[in-house]
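Undergrad: Dumping the structure here so I can ask a few things about it.
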């Protein structure tokens, strides 16, 4: 971070931010006496009017998010309730003043920002700092998020599983306002009992990642044993990078971070319920005849196809469509990058996009390299329509199966 072109007040703010990050890093180190992972991330976010209404101290608008996550011993709810109090500390005498978090909180409040702490005993802690974002003139357009597109029939049922009563109530309220039929459970065993007792199929389960007794990942596995087609969205106060790198979830699964806004939740739920229903696929292959042949096979299976001849063109199309493809089918013989490299780039930009790579090499080694990503499948470059549909079904697409 360069300071020489900044005004003195800006330098002072940066110095305070650096101090607070160092304090949070020290706290994280002390919470991991046997070692662990420290993750520091930044992002531009927007907190909307609905979120502000649920948090009286928050003004809606654009913010810069700074998140510091550790994999330490975590805090109990009792400790968490006192964490921002000046001089409160769980460390031994001479090992901490209890001022680190309270100083960060004071700076955030003076700056018109917001601070949120998520912690689970035995799993770690995330501190999220939201500071008001200064928009340039060319950015200062109407920043209000557009209403979510009504793309999903509102007869869908959603099961919300969350051990935090306030978060569960907030989530249920949003989903019911959107018109979904909503069931709720406070833990995994209660959720399983609800699933087993339902006369009608549940379309989507929205579950916390870390819960007492049964994790969201364990719950999802057991729930899909009852309803194999059940769609899952995970939510967590930890960042995506922290929960994936910490081994709590695989890469490529659907995740929305807390705190989430009304619009973000509405969009995510609509996208997941819609997946495999639009039938739109991004096809990437250099050879024109191979591209035509693959496109024809996809059209015969009922899909619509957008085509790209290079990896760069594919990335441009995906960004322009804001990731709204049901899947990407990639030929590994591209002129500017390998199919594997393009799959990695698409995954980095679109964490939830199903990707099918057609490989001219033996399938096994490439499949092994992507084994941890359930959203990527490998198929031999020489395939027929049946094999293609089977591979797409493996990725969770059901469009072709519903065609007459």
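Nothing in this text is a laboratory measurement; each read-out follows from the coordinates by a stated rule. Please read these numbers as outputs of a predicted model, since none were measured by experiment. Cβ sites come from the backbone with ideal geometry, for glycine too, and all protein chains shown count toward neighbours.
Undergrad: Ranking request for peptides 51-64, 104-117: highest mean number of other beta-carbon atoms within 10 Å first, then the rest in descending order.
TA: Going by the mean number of other Cβ atoms within 10 Å, highest first, we get 104-117, 51-64.
Undergrad: Using the number of other C-beta atoms within 10 angstrom as an exposure proxy, rank 41, 34 with the fewest first.
TA: 34, 41
Undergrad: Let me ask something else. When you count, for each residue, the other Cβ atoms within 10 Å and take the mean per peptide, how do 119-126, 290-297 rank with the highest first?
TA: On the way: 119-126: 20.9, 290-297: 16.6.
Those peptides, ordered most packed to least, come out 119-126, 290-297.
Undergrad: Place the peptides 379-388, 171-180 in order of packing, highest mean first, counting for every residue the other Cβ atoms within 10 Å and averaging per peptide.
TA: 171-180, 379-388
Undergrad: May I pose another question? Under the definition of Cα pairs under 8 Å and six or more residues apart, what whole-number percent is the relative contact order of segment 280-402?
TA: 23
Undergrad: How long is the gain from residue 274 to residue 384 if the chain were fully straight, where each residue apart is worth 0.36 nm and the alpha carbon distance is subtracted?
TA: 37.0 nm
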